[in-house]
Each structure stands twice: as C-alpha cells, then as structure tokens.
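The values are calculated or read from the model by the stated rules, or taken from the named source; none is laboratory data. Here the structure is a predicted model, which means the values were calculated and not measured. Using ideal geometry, Cβ is built from the backbone for each residue, glycine included, and neighbour counts are taken over all protein chains shown. The area values use the complete protein model at the heavy-atom level, side chains included, leaving out ligands, DNA and RNA. Shrake-Rupley method; radii C 1.70, N 1.55, O 1.52, S 1.80 Å.
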Amino acid sequence: MKNLALSLLFLGLVGGFQSAAAQPVDNGTNENPLVELVAQYTPEQLNQLIAKPQPADIQDLLLLLPDSDFLFYFNFDVAQRKQLLAGETVSNVTLDQSDAANGYLQSGYEGVWEMIAKAEGDGWHIALAESNCGEFCSTVMQKSYLYQDGKLLAQNAATIAGFQDYWPELFIDVEQLTPEQKDSAMQIWKEHGIEGILYRLPRDGQSPIVVYLDAQRYTEAGIPESALREVTENQE
C-alpha cells in the first residue's frame, strides 16, 4: 500500500463511559463539548489502584481506564487487568506485548487490541484501537483520552488519527482504476467503507498512527492493492 502523510491533530472519537473505581462525574458541567470527563480519581483511589500518587507508565494507565476499554466484549475489571499485567491468562486472553518504556500494549481475541500512551507535560495522551477479524476485519473500538491530575478526559473531536470524517479517495487512488474498478470500489465503500477502516498503533513510542482499509473486500472485487493507500497522522 502507498503511504500518504497528512497534517492532522491527534484526537479521538469516543462515546460515554463509566469507571467503577473512580468518583462519579457530572459531564453536564463540562464547558467544552469536545472533551468529556470520564473518571476522576482521588489520591487515595490512585494509591489503592496503582500503589502510587500518579501513574508512571502505560501499565498504570491501563488500570485507570473504563472496564470496557480492554477488549470491548470482555469488560475486564481492574483485578483481571492486574492479572494480565502480571503475565497471567484470563478467560483465554493474555497480554501479548507490554512495553512500558515505549508506551505500548497489545492483546486480542479474534483480532488485535492495542494501546499507546505518551507523556505530555504533566499528563498523558492515550489512544486505543481494537479490531476483530472473521471473513473480513473491522474496527470495533477506537478512543482517545487525556489524563491529568487524576482526571481521565475523553477527546470527542475526531478519530484517534485526527480525522473528523473519512472519504473513499483518502484511501483509494482512483487514478489507477478503470471506470469499472472505480464503480466497484465506490460501491464497496458505500456498503462497507467505515467498518473496513483499520488502525495500526506505533510500537516505538515515536511513529505516527497508521489508518488503512481492510484490503480483502477490494482485491476480491478486482481492485489492485497498489491502489489502496495507508494514511498517517501528523505528529507536529
């Protein structure tokens, strides 16, 4: 696939979530509709959850997320996530990669779950993505948070790669296609476009998030894979 670099903000599209370990929050008092207060932790709660006054790395941050964020359909609670961080298997699930130095975690069940965390000033920027694969692959979850001073804030302005919307020409180089191939590609996008968008999170703590299409639907319809682009967020 081709790689297309775009100038984007690192934001995330998320819904509303609750954290059983955190204090209840009143989102109605939030003056910025693009930022949602999801959880707020007292120093006592942080000491109980992570045994320190503030999170020091991605492993600590994993324990502060809503239960639904680690494998969307499993809802692993804090105790179960601690078991996974300790190298244990829970419900046939393991934490396949845990790199605190580079702020990267990976797991999965019939797909891939990834989390990255990057320190920014006295806070953290967090992104999550999970895909499931059957005949085709699709994204089932992608979220972005900011964590600072005990507050977990969901970013509602765009996707984790900074897009407010997606369109077919972003991922498909239509100049390479015949009229028939273009018609086929546009029909696939119309029927399955958004659900076929996938994310690849960086493992080195530096590279950008990559967004791409599940190519199989297109190649099966005769669309050359060379006409499909990967899109990266900008980290400026």
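One residue is enough: does the stretch 46-61 have a residue meeting the conditions closer than 28 Å to Glu195 by Cβ, in contact with a helix residue (DSSP H, G or I) (Cβ under 6 Å, 6 or more places away or on another chain) and either in contact (Cβ under 8 Å) with a residue 40 or more places away in the chain or part of a strand (DSSP E or B) (or both)?
No, that holds for no residue.
What are the pairs with Cβ atoms under 9 angstrom where one residue, in the stretch 131-143, is among the basic types (Lys, Arg) and the other, located anywhere, is open to solvent by 30 Å² or more (accessible area, probe 1.4 Å)? Sequence gap at least six, or different chains.
Lys143/Leu13; Lys143/Gly15; Lys143/Phe17
Leu65 is checked against (1) open to solvent by 30 Å² or more (accessible area, probe 1.4 Å); (2) touching a residue at least 12 places away in the same chain (Cβ under 8 Å); (3) part of a loop (DSSP other than H, G, I, E, B) and fails just one. What number does that condition carry?
Condition not satisfied by Leu65: (1).
Based on what the data block shows, is Gln97 open to solvent by 50 Å² or more (accessible area, probe 1.4 Å), out of contact with any helix residue (DSSP H, G or I) (no Cβ under 7 Å at 6 or more places or on another chain), of a type outside the set (Lys, Arg) and modelled with pLDDT of 95 or more?
yes
Say we look at the stretch 38-62 and pick out the residues that are open to solvent by less than 30 Å² (accessible area, probe 1.4 Å) and under 19 Å from the mean Cα position of the chain (by Cα); which of these is nearest to Ser98 (Cα to Cα)?
Once the filter is applied, the top-ranked residue is Ile58.
Restricting attention to the stretch 178-195, does a residue exist that is in a strand (DSSP E or B), at pLDDT 95 or above and at negative phi?
no
In the stretch 102-119, which residue that is out of contact with any strand residue (DSSP E or B) (no Cβ under 6 Å at 6 or more places or on another chain) and touching a residue at least 24 places away in the same chain (Cβ under 8 Å) is least open to solvent (accessible area, probe 1.4 Å)?
Selected residue: Gly108.
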